Amino acid sequence: MFKSWLFFIFCSILALFLAALLVQGAVTSGPVVASLPDGKAKQQLVSRLRLTDLSLCSEARYTRHPSQADLFSAFQDYPGSFEHFPTGSIILPQLEGFNNQLRIVRQGEN
Amino acid sequence: MRRLLKILDFTLSSLLKRKYKNFALIAVYAFTIAVLGSVLFLTQALKYEATGSLETAPDIVVQRIFAGRHDLIPVNYAETIRRLPGVKSVSSRVWGYYYDSLIKANLTFLASGSDRQTLDLLEGRLPLADDECSIGMGIQSAFGPAIGDSLALEDSAGATKTFQVVGLFRAESNLLTNDLVIFQEQTLRAFFNIDSSLATDLIVEVYNPRETKTLAKKIKYHLADTRPITRDEILHTYETLFNWRSGMMLAVATGALIAFCILAWDKATGLSAEEKREIGILKALGWETADVLTVKLWEGLVISLTSLLIGLIGAWVHVFVFGAPALTPLLKGWSVLYPDFAYTALIDIYQVFVLAMLTVGPYIACTLIPAWKTAVTDPDLVMRG
Amino acid sequence: MAGLLKIDQLTKIFNRHRPDETTALSDLSLTILQEECIALTGPSGSGKTTLLSLLGCMSRPTSGNILFQGRNISRLPERFLAQIRRDSFGFIFQQYNLLRSHTVLENLMLPLYPTDRQWKEIRRRALELLERFQLGNMHSKKITQLSGGEQQRVAIARALMADPEVIIADEPTAHLDEQLSAELLDILATLNGEGKTIIIATHDPFIYAADIIQRRISLQHGHITADTMP
């Protein structure tokens, strides 16, 4: 039975440790980032500088400002590059706000 | 209960007999879980960070689309928008990019608003004069200027201008300000040679957030060549972006997991002659099929539970203590100015449970099912050698 | 002496309805009394091992009945068979069938793991038996570190763990030299003296002719050809 108890104790220690980590994360999360140490300051920064995007990947317009880029910007950025792998294959230009539609008008129709 | 414990004890001794093999198995398994867990923790953290910080982003950004491309917007469009009921204020925003051919970095130049207050996450101050600027950490670490030094930049006319650094964004804001250079609006207009009748885009604040969508539609109606982007759309972009990203990496990692499952299956289905013999002996000694399966269940549980716990703790340490060094190349891509920032430990417990189910479940099935067949056969086979 | 095991018109067919169908035992009837010491003999393929495994509840007959202590056990569910096998039968196999990578003590305790008995109690019982077979100082050794004779004694000790009524041995001397075979016979004689029923399948004349054997049964092609009591 010795080995069983040893195993249980081992697992319990790991599980408790993990639970402590997760609970710490879960408590600080929730919808309000404002409750984080720098959350308020970050929100102030965003509103004052009128920021719209994260400066995560700066190699192209549509990866630097995914929410602002037009659909064609994916083909015309960063001098000398034709594809921004792997970011370019992960971040795509957003389709929001583009809803023009091409329509076919047959001969004789208006 | 006593029976289960004794069988667990037997299982543990059996596992320890083949300790190199089993420790190797746990290591591989834990590694797989750590990879999946890291992706999960990282994307969750980025998503919370983005959606949380950008909660205060402008209500509506209005761009002009010209020949299918984002173009400068006439400032007088603001008049049309201002007249719409529900609009609190309209202001113009000027920003652009600057490419540095030496270190091949893209910088973002942004004009600051008109107010003069300081920011919590800014050391020093925002520019107040024509030849001043504030910069993000990424620029400081790439080029090395301190407050008081100057940036020499080539403007649209090819003339070199110098700007004294008066402010430096603190590291905590890296994810938002890493590649930013802030100028006064007039300075930036002169630098990029943007006419005062034009702006990069317009920022619209509304009184009632519930009217945002309707207002966006109205703007599009009155100004057909514009593209209004609401804050919800910005948040949604990041929401889907990190799901996409997460999905992409999970897809890669799932490949690893499947490979691992095949390995586990192979190991388990090819119950070695030795293992088959052991099962036969146990049955001959009066173990029931259920007892033999209990051994296999314990075996699966011991291995997968240990791996899961080690893997998750490993993922946590990797992402939140070391900043996910193994995953940043994927996020980074070609970015020269990649923000070096600490992730805030934010966890979606639900996703952790899903991960646990997806890894522990299949493994136990992999060990249990093949043993089933051997366990139900008559034990007299062992008598025949 | 009362009838302990009674088999009635027992038939066992392997691979039934398939091209390689073989009849191992056909229409066999036999009564084994308590405290008997039986030698089961016959050429290979005569059905000795099949009969032993049926008697020991390791497999089920194709037709016919097996009565153990008056109870028909031939149609019992697997679970009960396992329990009877554990509580009432002790097996000594030709190959010893010990778990090689486990220790002597663990091997001995194996039959009683899936019971509700206390760990300490099982351990005490195992140590007692090891002491009895002069293996007391070897309990933490691995099976692979033991000599053939020692392994044989461990196998015997294991068969006695649950204090069974019947000891079933299948070619127990196949891998033993004459001295060890004699030692084994001594042990079996002692166990028989303690009231255990012993059934040995063998074609070793040394056992077949031994004094302790009270009854000799010959099998050929699944039939009993001789059943004598010397």
The exposure ranking of A:PHE8, C:PHE68, fewest beta-carbon neighbours within 10 Å first, is A:PHE8, C:PHE68
For segment C:145-230, diffusion coefficient by Stokes-Einstein and Kirkwood Rh (Cα), 25 °C, 0.890 mPa s, µm²/s: 177
Summed side-chain charge close to B:SER197 - residues other than B:SER197 whose Cβ falls under 14 Å, Lys, Arg +1, Asp, Glu -1: -2
Please state, as a whole number in µm²/s, the translational diffusion coefficient that the Stokes-Einstein equation yields for chain C at 37 °C and 0.692 mPa s, with Rh defined as the Kirkwood radius across alpha carbon pairs. 180
Looking only at GluC sites (Glu not before Pro) in DSSP loops with at most 12 other Cβ atoms within 10 Å, what is the longest site-free stretch of chain C? C:22-193
Please give me the summed charge of the neighbours of B:GLY68: other residues whose Cβ is under 15 Å from its Cβ, Lys and Arg +1, Asp and Glu -1. +1
Note: segment B:1-83, point scatterers on Cα, Debye, no solvent; log10 I/I(0) at q = 0.18, 0.20, 0.26 Å⁻¹ equals -0.94, -0.98, -1.14
Neighbour-count ranking [beta-carbon atoms within 10 angstrom, fewest first] of A:LYS42, C:LYS12, A:LYS3: A:LYS3, C:LYS12, A:LYS42
Can you give me the long-range amide H partners of C:GLY90? Hydrogens built in the peptide plane at 1.01 Å from N, cutoff under 5 Å, separation of 5 or more residues or another chain. C:VAL166, C:ILE167, C:ILE168
10 Å-binned pair-distance histogram of segment B:123-175 (Cα, whole percent): 26, 52, 21, 2
Estimated vicinal HN-Hα couplings, Hz - segment B:120-132 in sequence order (Karplus 6.51, -1.76, 1.60; Gly, Pro = x): 4, 9, 10, 8, x, 9, 7, x, 10, 10, 4, 10, 10
From phi via Karplus (6.51, -1.76, 1.60), per-residue ³J(HN,Hα) for segment B:322-330 in Hz, x at Gly/Pro: 9, x, 6, x, 6, 9, 4, x, 5
Ordered by residue, what ³J(HN,Hα) values in Hz, to whole numbers, does segment A:58-65 give under the Karplus form 6.51 cos²θ - 1.76 cosθ + 1.60, where θ = phi - 60° and Gly and Pro are x? 9, 6, 8, 4, 7, 9, 6, 10
Gyration tensor on Cα atoms of segment B:39-107, a ≥ b ≥ c root eigenvalues, a/c under 1.5 rounded, else prolate if a/b beats b/c, else oblate, says oblate
Cα-based Rg / Dmax (Å) for chain B: 30.5, 97
Taking only DSSP H segments of four or more residues, each worth -39500 (n - 2.57), what value at 222 nm results for chain B once the sum is divided by all its residues, to the nearest 500 deg cm²/dmol? -17500 deg cm²/dmol
Long pairs among B:LYS47/B:LYS104; A:LYS42/B:LYS217; C:LYS141/C:LYS196; C:LYS120/C:LYS141, criterion Cα-Cα beyond 24 Å: B:LYS47/B:LYS104; A:LYS42/B:LYS217; C:LYS141/C:LYS196
On alpha carbon coordinates alone, what is the Rg over Rh value for the protein assembly as shown, Rh being the Kirkwood radius? 1.26
Local net charge near C:ARG125, Cβ-Cβ under 13 Å (Lys/Arg +1, Asp/Glu -1): +2
Please order B:SER134, A:SER4 by the number of other Cβ within 10 Å, starting at the fewest. A:SER4, B:SER134
In whole angstrom, largest first, the equivalent ellipsoid semi-axes that the Cα gyration tensor gives for segment B:287-330 are 37, 9, 4
Inter-chain shielding metric for B:121-131, i.e. average beta-carbon neighbours from other chains within 10 angstrom, reads 1
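All of the numbers you see were taken from the coordinates with simple rules; none came from a lab. Just so you know, these numbers come straight off a predicted model, no measurement behind them. Glycine gets a Cβ as well: all are built from the backbone with ideal geometry, and neighbour counts include every protein chain shown.
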